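The values are calculated or read from the model by the stated rules, or taken from the named source; none is laboratory data. Source: prediction; values computed, not measured. Ideal geometry is used to build each Cβ from the backbone, glycine not excepted, and the neighbour counts take in all protein chains shown. The protein model used for the area step is the full one, side chains on, heavy atoms only, and it has no ligands, DNA or RNA in it. Shrake-Rupley method; radii C 1.70, N 1.55, O 1.52, S 1.80 Å.
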Amino acid sequence: MSKILGIIGGGQLGMMITEAAKKMPEHISKIIVLDPIENCSASQVGAEQIIADFKDKNAIIELAKRSDIITYEIESGDSDVLKSVENDAEINPSPETLKIIQDKFLQKSFLLQNNIQVPEFIKIESISDLEQGLKKFGYPSLLKARRDAYDGRGNFKIDSPEQIQKAFDYFNEKNLMLEKFVPFKMEVSVIAARNTKGQIKTFPLVENIHQDNILRKTIAPARISEKIAKKAEEIAKTTMDMLKGAGIFGIEMFVTENDEILINEIAPRVHNSGHHTLESSETSQFEQHLRAILGLELGNTTLLHPTIMYNILGSKNFEGEYKSINLSEQNVFLKMYGKKISKPLRKLGHVNLVGNPGETIDQLLKKLETLKDRVSINPA
Ligand code: AMP
């Protein structure tokens, strides 16, 4: 029987889930998203929309009443409200998992309890906690907001004792944690899925390059030894065994100089570093997420072509309407998210550069350099 899918969040992730859902009419008859922005990205591709904040209790209740199954593209939904509507709609990943993951301190404590390696961290409730923590971890260290922090916006790198007060004040009394700085040689991630029947599959390890704390590009596969890639995928599988609920999880990790692997962060949802799967793999992460929450057999995750995903971000010093981007190159796939207004570093779209047979990652990186200007954001 075809189901009505509710999604908390209708940004680009909700948009690409909606597009995947529309290709599965035998399983999903309608998509409804809850998002505060009128005419959000997902609504532009055929989702109905409830216009309200992600944490709006009545809106979540309405979404549950109108849906058979609920998922989310953003982890800031109210997990207690979601738990309370479980009788109205099936919710995946489970609200219990969401509650742990949406608080970075609870998330890291949970991983540690399950013997999964993470950077050293402590809870910060006062300036003296911070001073003590910095004595322990040294400089630099990262002060992080425990909740509702995206794209590094909730992090403050403390390089010296003079910055302690400034860092503490920056957060304005939010719940905080301090983390030891990890001098990693590479940031990587695994997109992992579990379906409601317990089947688990992972996509191959990818390499992530950040700028200004925001993902800039993903290289699939990661330029790292097979042994490390295997180890990272094993860690991802172990992590999936610990976390309840079905769906895609984006598991971000650091690889250190001596090839230790530490988990940096888990997202209980489809993830920016999985966008390459739209063109690099038989099953995209969006279809896989739907297969997982619908209890269908998970799709093939083999990487068919080396691929680079490059995020199209708003220019740093510009806010307003921007010129549309056109690209018609073989094996270059442009995806814009339908956002009318550019803001500094706002994610507006991405391109996937897919390798031809025999083409190397280095060649793809060179090709990307020739395209960068053509995908940059300029005022209309
Ligand atoms: P987050 O939002 O916490 O994932 O952090 C955003 C980015 O900050 C990460 O992708 C890393 O590049 C960097 N970062 C976060 N935590 C650490 C850490 N403990 N050591 C070094 N870099 C970090």
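Observations
- PHE181 being under 24 Å from ILE74 (Cβ atoms) and out of contact with any His (no Cβ under 7 Å at 6 or more places or on another chain): no
- Of the criteria (1) exposed (fewer than 14 other Cβ atoms within 10 Å of the Cβ); (2) more than 16 Å from the ligand (Cβ to nearest atom); (3) of a type outside the set (A, V, I, L, M); (4) farther than 29 Å from GLY6 by Cα, which one PHE168 fails: (1)
- When restricted to residues that are over 22 Å from the mean Cα position of the chain (by Cα), on the phi > 0 side of the Ramachandran plot and either not assigned by TED's automatic domain parsing to the domain that holds THR218 or not polar (S, T, N, Q) (or both), the range 323-377 contains 1.
- The residues of the range 121-154 that are of a type in the set (Asp, Glu) and within 12 Å of the ligand (Cβ to nearest atom), listed by number, are ASP148, ASP151.
- From the options SER76, SER67, residue that is in contact with a strand residue (DSSP E or B) (Cβ under 7 Å, 6 or more places away or on another chain) and not assigned by TED's automatic domain parsing to the domain that holds ASP259: SER67
- If you check ASN213, ASN115, ASN195 for being within 9 Å of the ligand (Cβ to nearest atom) and closer than 30 Å to GLN288 by Cα, only one passes: ASN213.
- Restricting the range 83-117 to residues that are crowded, with 17+ Cβ neighbours inside 10 Å and among the small types (Gly, Ala, Ser), the residue that is farthest from the chain's Cα centre (by Cα) is ALA89.
- Strands (runs of 3 or more DSSP E) contained in the range 276-380 and holding at least 1 residues closer than 30 Å to THR196 by Cβ and open to solvent by 40 Å² or more (accessible area, probe 1.4 Å): 332-336
- Taken as a whole, the range 217-233 holds at least one residue that is in contact with a His (Cβ under 8 Å, 6 or more places away or on another chain) and either open to solvent by less than 70 Å² (accessible area, probe 1.4 Å) or within 13 Å of the ligand (Cβ to nearest atom) (or both).
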